[in-house]
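The values are calculated or read from the model by the stated rules, or taken from the named source; none is laboratory data. All values derive from a computational prediction rather than experimental measurement. Cβ placement follows ideal geometry from the backbone for every residue including glycine, while neighbour counts extend to all protein chains displayed. Keep in mind that these areas ignore ligands, DNA and RNA; they rest on the heavy atoms of the full protein, side chains included. Shrake-Rupley method; radii C 1.70, N 1.55, O 1.52, S 1.80 Å.
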Amino acid sequence: MSASARPSRIGNQRGLQWRSSHYVGFPGRGCCCSRWTPGSPKVLDRAAGFNVAQHCDLRNWSQQSHKSAALEAALGPRLSGPSRLLAAAAGGRPDLGQRSLGLRSGYHLVHPDMQAMTTWLFRNLCALCEQIEMPSPSSDATKAMLSGFVQLLVSSAFPQSSEPRLGEPEKTTRVGKKSKTGRELDFFWLSAYSGHVCCGMIGVDSHKRFFSHTLTQILTHKPVLKVSDAIQMQKEWGFAKTCQELTTLYCRVLVMLGPGESVGRLQEVLETQEVNWQYVLSCLSTLVVCFPEAQQLLKDWVASLMAHAFESYHLDSMVTAFLVVRQATLEGPFVFPSYADWFKESFGSSLGYHSCSKKALVFLFKFLSDLVPWEPPRYMQVHIFHPPLVPSKYHSLLTDYISLAKTRLVDLKASLPTALALPGSTQADKIPSSLYDAYCQACATAEKQPKDATPGKRPEPDQAEQPLGLLTAALEELRALMTDPTQYDVMSAQVAVISERLSFALGHNSDDSSLRRSKIQLNVLNPTLQRQDQAVVDLLLTAFCQNLMAASSFVPPERQSPWAVLFVRILCGHVIFPAVLSRLCQLLYHQGPSLGAPHVLGLAALAVHLGESRSMLPEVDPGVLAPAGSLCVPEFLNSLLTCRTRESLLFCMKFCTAAISYCLCKFSAQPHAALQNCLSPGLIKRFQFIMLRVFSEARTPCPPEHTASLSWRPSDLPPADWQSAAFSLWRWSSFQELLKEKEFYLTYRDWVQLELEIQPEVDILSDTERHDFHQWAIYEHFLPAPSALGGCDGDLEVAFTVLVSELMDFYQSSRSYNHSPDSDLVLGGRTGNEDILSRLQEMAVDLELDQGSSASYGCSASQSHILFRLFRRRLHTLAKGHSTATSLRRQRELLVCKRLLLRLPPSVLMGSPQTRQPVSPNCEEFFNLVNSELGLLNVCFRSEDPALVANLTLTECQSKCPIILTSALMLIFLLFFSLMSLLSSYLTQQDTAEYLKAMDICAEVLVYLGRRKVSWLVLFQLTETDAELGHLLHLAPDQHTRLLPFAFYRLLSYFSEDAIIKEEAFLHVAVDMYLKLMQLFVDGETRTVLPQASKRLKLQGSPVQLITEARTFLLQLIPQCPKQRFSNMRELLAGREDCDPEMSTVLLQRWQAGPSFDLYQEPHLF
């Protein structure tokens, strides 16, 4: 008889009476159907012809049976695919196979035809489940009947260990078969697997054994799939792609067993029985998604599998380990680390599992090679990008595998990272023939997809449905769970669905997450996103903000579920993460003041959780915001906050208040660790800066508020409430204690950096308020504070030095620019706080007054001024290297030096002479700076025609300030300039007239210097360590300085006799220039450069002729020089004797000879 023609409607019966004199009651905390009055015996489906041996009056049914927990859904007896699996899990064969169905306390249903009885029971249970879905007053009673029947079955098949065992698990009836209605009734039968349904009269031991048996039956149902099928298809068996009924069944079983026992049962079944890999892996996905504590259990299990695999070379353990890891990593980083991280940790070092022997290496690469025809491309990409560490003598094992994997990737038309891509379309020629043949055969087999390999798969979304719509629906479902605390345990599952929908919405290959970047490049000044990416990111950020508001309206952050952590891990693990950061750039850096309170609160909480996940996030290179390098994500988010204007400062106050308050509330048990791990110290310092700047009350000590905790108010806050919230946080005693930690100190240097960003014209403070704040901050707060707390120890020089240094850094940083194409460098394009320059001027005057009777404030008689010491130290750090970039940085540094000097009082340059006694101005440091960095030579050598610029400058000086030209110091520079001009005209193919003119200028300067008794030989002995003139070597091209010996002997005829004979250093310089000229000849420079120049300029004499003239000059000079001038000849000749052995011998003999030494005298050999 069909179900529709049944003579009785179970749902309308007030009671059921089985033929028995005993009643079976189910104790509980209430009655779900009031009182059931026993009526006339009414046998179910009399057409079946049963004589039921006993009756059951359903009195006092447990109300607990229909108060199901969050996982309670139902799976009906009209079984679809998952229902068939459920029926199999109940145990036994399709037919009952027994003459009796064991019930508790000796009750039995007896019938000679148990197959017919099974059919009868199944039909009536179907009718019972149909009544459950129909709303009626007796639906609770119907549910209770189903619950009671399941309890009877379970207690009979799985009695307590102390009770007689009346039934066996495999003899328990399988009440199920494929139904016509499919999924509709699946949910109701699933209610039988609810913990609430099975509790009551069933003991704990029976309970556990029943669910353990159920899990075993699930995992071993129809084991038709091979391991190769699992390797190919496991991506389709993830949590989000498994049908809801099946994941619900898994959850019911796993909840009752617990993660530890579930993992143990999985391990036992895999070791002892043939399994259905789809059910094993989809169950594992459910375990790792819904039970966060299972992550470590799986890691430990995998570690033991890998250890056993390499100890015993056990292939099954290796296969199981790889399948388990890959399945867990498919669920994303929010539940399990990436496959790339696990593979690197396992094989990327000398401590890897494979490092024990060559046999272990062969075992590993044989296994990896066998996987190649079957596995998806992303795993091969990981193996290539992060290869196992292999000793050099076994490197061929690695190269053979990489060639094989690359060949497979080419065959699959899969991409390879650019760094790994090799020319050519295949690597087959590099693969051993036996390995390649096996590969080809396996690839042919892999093309054959197994049939019916994905039963229980979640229905694919209709192609007509928009991807964003599906993602929106999944996000709305998550938000609905926020308002129901009983649903917190299913949030992990919903987040897994969101992750899957996100991949579908992006259209990106989620495999890319295995090869995520170590650094993200962003254009903070002009962040752009693709339209599709921005739509997805806005949807995600909006959902996060809405979820936070919804969750916080019910419970404070510390009592909320871990939804936020899971949600953020989705963002971090997907390829969408760079787009998320770009959107945060737009919102925080460019649009911050326009954000409403819900957005501020939501994004602040997001920043906290991003900081919490910093270990799994790449660093960010924001370009101009961090010219020194990349930033971690918390530091990057802090760099997006600016305090330049009134609006941006107030936004910073809101954001910092929300972020710090949320962090302290969410992690109230460990506030210091939370602030340290989740937020940037810079954000904490920024909040202190804002509070001290905006609230004058914060500048004076006030009694802290000793409240137990902060309040987190997600409602829309007006500006006054934001300020109240910020001040409450500031006064909270626990927060003030946290500010005593060293990493959170707001130092004087931090304050200057933040204050320099302020734009006075749009500041929240008036000019008077800003001046008062500066005076308080510098002279009352930071100057007297100890250096250990970020202060200056009362030392005004320290405060002055920090202020100058930070000003120079600021004016050279991107913070001082308008970021427009036509903005000028440094002060021309500044947007900083000009009032800080006024504070610098005030401090300079204070320093002068504090020095009292010193010759010059800021320095003693033996010490230079503090400002010049700072300049010299900074310029010295830029002296290393001769690249164009270094030169440009040096010029920019000098430009800032000049600008600051012009803003300071003249006494900084000249000192402050006292009235008591005449004191010469202390200008030495200023002169050194001018001579070395700011003088005529520096200006001329930066021009295209240094000689022309020098001539024009000197002509101007002669007419307007002739005293400059008469100074000896300037004449030395003029001679050096003239020498460089001479060499330039010689090397740049100018005509003979220009060359001769340069010679005449050099001769005139030499004559003038000779008259003034000023030594010029120092120009030919320059070294970089020369304090006064060594800097000239940096101003001249290397080729010019190498050719100074050529200039020296070209000017030989212009040297005065007095200089030659009376100048003690002349012989030393002449010999040194001669040896260097010989070295130029040996190195070939005189053969390439000098002859061509001589020919172009039509000069007489070749390089050889010049060397000959120089040699003759020296041989004539040596006898005329006193013996003491040869005292250092041995050191001068060291290493260069071979340049001219005869000349070296003559020089050394002259040092050893007596007063009658004659160069042309016959030597006395005997």
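Structure notes:
- If you go through the range 352-381 and keep only what is in contact with an Asp or Glu (Cβ under 9 Å, 6 or more places away or on another chain), open to solvent by 10 Å² or more (accessible area, probe 1.4 Å) and part of a loop (DSSP other than H, G, I, E, B), you end up with TRP374, PRO376.
- If you check PHE651, PHE636, PHE667 for being of a type in the set (Phe, Trp, Tyr) and closer than 22 Å to HIS574 by Cβ, only one passes: PHE636.
- If only residues of the range 251-270 that are under 19 Å from PRO223 (Cα atoms) and free of Cβ contacts under 8 Å to residues at least 40 places away in the same chain are counted, the one that is least open to solvent (accessible area, probe 1.4 Å) is GLN267.
- Given (1) buried (at least 18 other Cβ atoms within 10 Å of the Cβ); (2) modelled with pLDDT of 70 or more; (3) hydrophobic (A, V, I, L, M, F, W, C), number of the condition LEU103 does not satisfy: (2)
- In the range 171-191 there is no residue that is open to solvent by 30 Å² or more (accessible area, probe 1.4 Å), outside any helix (DSSP H, G or I), at pLDDT 80 or above and among the β-branched types (Val, Ile, Thr).
- Positions within the range 604-623 being outside any loop (DSSP other than H, G, I, E, B), under 20 Å from CYS652 (Cα atoms) and not small (Gly, Ala, Ser), in sequence order: LEU606, VAL608, HIS609, LEU610
- Assessment of the range 505-513 against the conditions (assigned to a helix (DSSP H, G or I), modelled with pLDDT under 85 and loosely packed, with under 15 Cβ neighbours inside 10 Å) yields at least one matching residue.
Per-residue answers, yes or no, for (1) in a loop (DSSP other than H, G, I, E, B); (2) in contact with an Asp or Glu (Cβ under 7 Å, 6 or more places away or on another chain); (3) modelled with pLDDT under 95:
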site	(1), (2), (3)
GLU737	no, no, yes
GLU743	no, no, yes
GLN753	no, yes, yes
ILE758	yes, no, yes
GLU761	no, no, yes
THR768	no, no, yes
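- Among residues that are crowded, with 20+ Cβ neighbours inside 10 Å and part of a helix (DSSP H, G or I), LEU641 is not included.
- Condition check for ALA628: open to solvent by 30 Å² or more (accessible area, probe 1.4 Å), on the phi < 0 side of the Ramachandran plot and either modelled with pLDDT under 95 or assigned to a loop (DSSP other than H, G, I, E, B) (or both): yes
- Residue identified as more than 21 Å from ARG501 (Cβ to Cβ) and aromatic (Phe, Trp, Tyr) among PHE544, PHE636, PHE577, PHE567: PHE636
- Of all residues in the range 1139-1160, those being surrounded by 10 or more Cβ atoms within 10 Å (Cβ to Cβ) and either modelled with pLDDT of 55 or more or in contact with a Leu (Cβ under 7 Å, 6 or more places away or on another chain) (or both) number 13.
- Residue check, VAL263 assigned to a helix (DSSP H, G or I), out of contact with any Phe, Trp or Tyr (no Cβ under 8 Å at 6 or more places or on another chain) and of a type in the set (Val, Ile, Thr): no
- Total residues in the range 308-324, condition part of a helix (DSSP H, G or I) and surrounded by fewer than 23 Cβ atoms within 10 Å (Cβ to Cβ): 11
- Selection of the range 772-794 for residues being under 17 Å from LEU754 (Cα atoms), assigned to a helix (DSSP H, G or I) and in contact with a Phe, Trp or Tyr (Cβ under 9 Å, 6 or more places away or on another chain) yields ALA777, ILE778, HIS781, PHE782.
- Residue within the range 595-618 that is of a type in the set (Gly, Ala, Ser) and surrounded by fewer than 18 Cβ atoms within 10 Å (Cβ to Cβ) present: yes
- Reported count of residues in the range 518-577, each being in contact with a Phe, Trp or Tyr (Cβ under 9 Å, 6 or more places away or on another chain), of a type in the set (S, T, N, Q) and either modelled with pLDDT of 90 or more or assigned to a helix (DSSP H, G or I) (or both), is 2.
- Residue that is least open to solvent (accessible area, probe 1.4 Å) [pool: residues in the range 275-298 that are outside any helix (DSSP H, G or I) and over 25 Å from LYS222 (Cα atoms)]: PHE291
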